[in-house]
Amino acid sequence: MQNQILYVWYLLTAVTILAALLVVLAKNPIHSVLSLVVTFFCLSAHYVLLNAQFLAVVNIIVYAGAIMVLFLFVIMFLNLREYTEETKSNFAKLGAAVVGGVTLVAIIAALKKVQYPMPMRYDVRTGFVETLGEVLFRDYLLPFELVTVLFFVAMVGAVMLGKREKGERHF
Amino acid sequence: MIPEVVQRIPLQYYIFFASALFVIGIVGVLTRRNAIIIFMSVELMLNAVNLLLIAFSTYRSDPNGQVFVFFIMAVAAAEVAVGLAIIVMIYRNVRSVDIGLLNKLKW
């Protein structure tokens with residue numbers, strides 16, 4: 001009974017890594033999107049385990065909801081389901097794998113021995129909505145307001161880019 | 001009461017886990033030619049960073065990290081909107097999302 005949380009943690013981690021691998025390895029873009037959704041749900045479960053309920057919900061709503069629907073919509077819109085031949089050479093793929101492996105080993109070797117002391121006072125309510133809202137609207141009010149400007153600019157940019165120009169080839 | 005994960009799982013495990021996710025994202029960016037899948041790999045890397053920020057924030061009992069994750073998510077949403085609009089525009093002009101065909105900016 002004592003080790004239950006460990007089993008849950010290892011299972012979630014394994015599923016997350018497998019789904020992330022599938023994102024990269026899947027030939028069909030639709031499969032990539034769906035396994036990315038699985039990855040995001042597993043990450044949300046991790047956030048719940050870490051007592052960050054607010055971000056777990058936001059992760060599901062924003063990432064698994066809005067962003068992945070946008071990806072799925074674009075893939076279906078462009079009709080990419082019949083996958084084209086990947087044109088990257090095996091040499092480039094081998095190089096990418098070597099670069100990735102070296103990066104992973106370097107990060108792990110650098111951070112393996114570091115000690116992380118626990119804080120003196122531990123507050124369980126760190127990830128709750130009340131705490132985050134207080135910090136967000138007291139210390140980070142200006143960035144919060146600037147995000148609205150960012151969204152406005154992004155919206156205008158997306159509409160500008162998506163607009164059909166005169167003399168362009170039609171779909 | 002301190003959450004059970006904080007008591008039983010060392011913070012290093014989260015570092016290894018997040019590095020693995022990040023490296024998978026790097027390999028995806030380097031190996032794939034489909035612009036949309038490259039974009040999804042970038043999202044994977046962003047999420048690895050989010051996970052690490054939340055883990056440190058919980059272990060240190062400091063809400064600032066989670067506020068940063070909130071901002072990262074907001075920026076990622078804006079980024080995806082613009083990026084996908086660019087990809088759709090590229091598809092309109094080239095009839096493909098293969099980045100191998102977009103070599104006009106090379107050199």
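The values are calculated or read from the model by the stated rules, or taken from the named source; none is laboratory data. Every value quoted in this text rests on a predicted model; they were computed, and no experiment measured them. Here Cβ is always computed from backbone atoms with ideal geometry, including for glycine, and neighbour counts include all displayed protein chains.
The one condition from (1) farther than 30 Å from B:Ile86 by Cβ; (2) of a type in the set (Gly, Ala, Ser); (3) without any contact (Cβ under 8 Å) to a residue 24 or more places away in the chain that A:Gly127 does not meet is (3). Pairs are defined by a Cβ separation below 6 Å, a sequence spacing of at least 6 or placement on different chains, a first member in the range A:95-108 that is more than 7 Å from chain B (Cβ to nearest Cβ) and more than 10 Å from B:Ile26 (Cβ to Cβ), and a second member that is modelled with pLDDT of 90 or more and outside any helix (DSSP H, G or I); no pair meets this definition.
Residues in the range A:14-32 include at least one that is surrounded by 14 or more Cβ atoms within 10 Å (Cβ to Cβ), outside any helix (DSSP H, G or I) and without any contact (Cβ under 8 Å) to a residue 24 or more places away in the chain.
Determine whether the range B:29-36 contains at least one residue that is more than 7 Å from every other protein chain (Cβ to nearest Cβ) and touching a residue at least 24 places away in the same chain (Cβ under 8 Å). Yes, there is a match, as at least one residue in the range B:29-36 is more than 7 Å from every other protein chain (Cβ to nearest Cβ) and touching a residue at least 24 places away in the same chain (Cβ under 8 Å). For A:Leu6, the conditions (1) under 21 Å from B:Ser57 (Cα atoms); (2) assigned to a helix (DSSP H, G or I); (3) touching a residue at least 24 places away in the same chain (Cβ under 8 Å); (4) within 9 Å of chain B (Cβ to nearest Cβ) are fulfilled apart from (3). If the condition is being in a helix (DSSP H, G or I) and in contact (Cβ under 8 Å) with a residue 12 or more places away in the chain, then the range B:79-100 contributes B:Val80, B:Gly83, B:Leu84, B:Ile87, B:Ile90, B:Ile99, B:Gly100.
Where helices (runs of 4 or more DSSP H) fall wholly inside the range A:52-144, the ranges with 2 or more residues that are more than 18 Å from the chain's Cα centre (by Cα) are A:68-78, A:90-111, A:129-138.
Return a yes/no flag: does the range B:67-78 have any residue that is crowded, with 18+ Cβ neighbours inside 10 Å, within 7 Å of chain A (Cβ to nearest Cβ) and not in a helix (DSSP H, G or I). The answer is no, given that none of the residues of the range B:67-78 is crowded, with 18+ Cβ neighbours inside 10 Å, within 7 Å of chain A (Cβ to nearest Cβ) and not in a helix (DSSP H, G or I). Taken residue by residue, the range B:29-40 has at least one member that is of a type in the set (S, T, N, Q), outside any helix (DSSP H, G or I) and either over 21 Å from A:Leu78 (Cβ atoms) or more than 12 Å from the chain's Cα centre (by Cα) (or both). Of all the listed residues (A:Asp139, A:Asp123), the sole one being more than 7 Å from every other protein chain (Cβ to nearest Cβ), surrounded by fewer than 15 Cβ atoms within 10 Å (Cβ to Cβ) and over 30 Å from A:Ser32 (Cβ atoms) is A:Asp139. Consider B:Val23 carefully, then state whether it is farther than 30 Å from A:Asp123 by Cβ and without any contact (Cβ under 8 Å) to a residue 24 or more places away in the chain. Against the criterion (farther than 30 Å from A:Asp123 by Cβ and without any contact (Cβ under 8 Å) to a residue 24 or more places away in the chain), B:Val23 qualifies.
Selection of first residues in the range B:2-16 that are surrounded by fewer than 16 Cβ atoms within 10 Å (Cβ to Cβ) and of second residues that are part of a loop (DSSP other than H, G, I, E, B), restricted to Cβ pairs under 7 Å at least 6 apart or on distinct chains, gives the following pairs, ordered by first then second residue: B:Ile2/A:Tyr122; B:Gln12/A:Lys112. Hey, any hits in the range B:49-61 for a residue that's part of a strand (DSSP E or B) and at pLDDT below 90? No, that holds for no residue.
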